[in-house]
Amino acid sequence: MTAYTLFGSLHSGHSYKARLALLLLGIDHDYRAIDIAVPRAARDPEWRRHSRFGEVPVLIANGVPIVQSDAILLHLCRTHGALGWPEQADGVTSWLFWEANRIGFSLPNYRFHALFGDGPGTAVMAWLRGRMLADLAALEEAVTASPFLLGDALTAADIACGAYLLYRDLPGLDLEIYPAISAWLARIEARPGWRAPQDVMG
């Protein structure tokens, strides 16, 4: 049996992706919270040793570090034959690449600066918001067509694309204007093992 330790952070939806996948799969693991407000040099030395890029999340699998949230999701898919793998491997991979380039970029950056201030300036925030709204429109269309992104079953694609939205704390955005996304998130929250990020990431 694989021994897992996950390093993550409360405000990191990328970390929540990894923890949510572990929880939904019912996989035993240790979780260690990293306070990203603390200077990197003062953070957990084991995390510093394994975090190649100085970021969260980091998953240690039998002593081997895996970094970057979507790489962690793919590892869990492949290792456990779950979350759409291998039957929907191409679809899962396509959505993970889209997420990394689109909503996994626009929404976290907009959210961070909107929640915690110290923004990059009005023009950049407007650009991030516009890109985020375009990404939400693409998701709304996708989950209008089917209960989950790749059909009737939840996959790693849903975890990747939904993680930050499950925080439900985005300033100036009412998710109720996206009825299909709202219903999709509710379906994720109804899955056995689901826990809210505020309850499991601190």
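Treating the Cα atoms of the chain as identical point scatterers in vacuum, please give the log10 of the normalised Debye intensity I(q)/I(0) at q = 0.10, 0.13 Å⁻¹, two decimals.
Per q value, in the given order, log10 I(q)/I(0) is -0.41, -0.70.
When Trp47, Trp85 are ordered from fewest to most other Cβ atoms inside 10 Å of their Cβ, what list results?
On the way: Trp47 22, Trp85 19.
Ranked by crowding around the Cβ, least crowded first: Trp85, Trp47.
What are the equivalent ellipsoid semi-axes of segment 21-140, built from the alpha-carbon gyration tensor (square roots of five times its eigenvalues), in whole angstrom, biggest first?
Listed largest to smallest, the semi-axes of segment 21-140 are 27, 24, 11 Å.
Can you quote the Å³ per residue value for the convex hull of the Cα atoms in segment 89-189, rounded to an integer? List each step's numbers first, then the result.
Working: hull volume 8.7 nm³, N = 101.
Looking at segment 89-189, the number lands at 86 Å³ per residue.
Roughly speaking, what is the centre-to-centre gap between segment 123-188 and segment 7-81 when only Cα atoms are used, to the nearest Å?
Spelled out, the Cα-based centre of one part sits 23 Å from the other.
Kindly provide the pair-distance distribution of segment 1-43 built from C-alpha pairs, with 5 Å bins from 0 and whole-percent values in order of increasing distance.
6, 21, 29, 22, 12, 8, 3
Taking the number of other C-beta atoms within 10 Å as the exposure measure, put Ser12, Ser51 in order starting with the fewest.
Working: Ser12 24, Ser51 19.
Result, fewest neighbours first: Ser51, Ser12.
Cβ under 13 Å from Ser146's Cβ, Ser146 left aside: what net charge do those residues give with Lys, Arg +1 and Asp, Glu -1? Write down the numbers at each step before the final one.
Values: positive: Arg187; negative: Glu140, Glu141, Asp152, Asp158.
Net local charge, Ser146 excluded: -3.
Specify which residue in the list Ala100, Ala21, Pro120 is farthest towards the positive end of the charge dipole of the chain, using unit charges on the beta carbon of Lys, Arg (+1) and Asp, Glu (-1), about the Cα centre.
Farthest towards the positive end: Pro120.
Where does each of Asp90, Asp169, Asp158 land when they are ranked from fewest to most other beta-carbon atoms within 10 angstrom? Walk me through the numbers before you get to the answer.
Numbers: Asp90 11, Asp169 14, Asp158 26.
Ordered from fewest to most neighbouring Cβ atoms within 10 Å, Asp90, Asp169, Asp158 come out as Asp90, Asp169, Asp158.
Coordinate-derived values only; no laboratory data. Please read all numbers here as calculations on a predicted model, not as lab measurements. Here the Cβ is made from the backbone with ideal geometry for all residues, glycine too, and neighbour counts use every protein chain on show.
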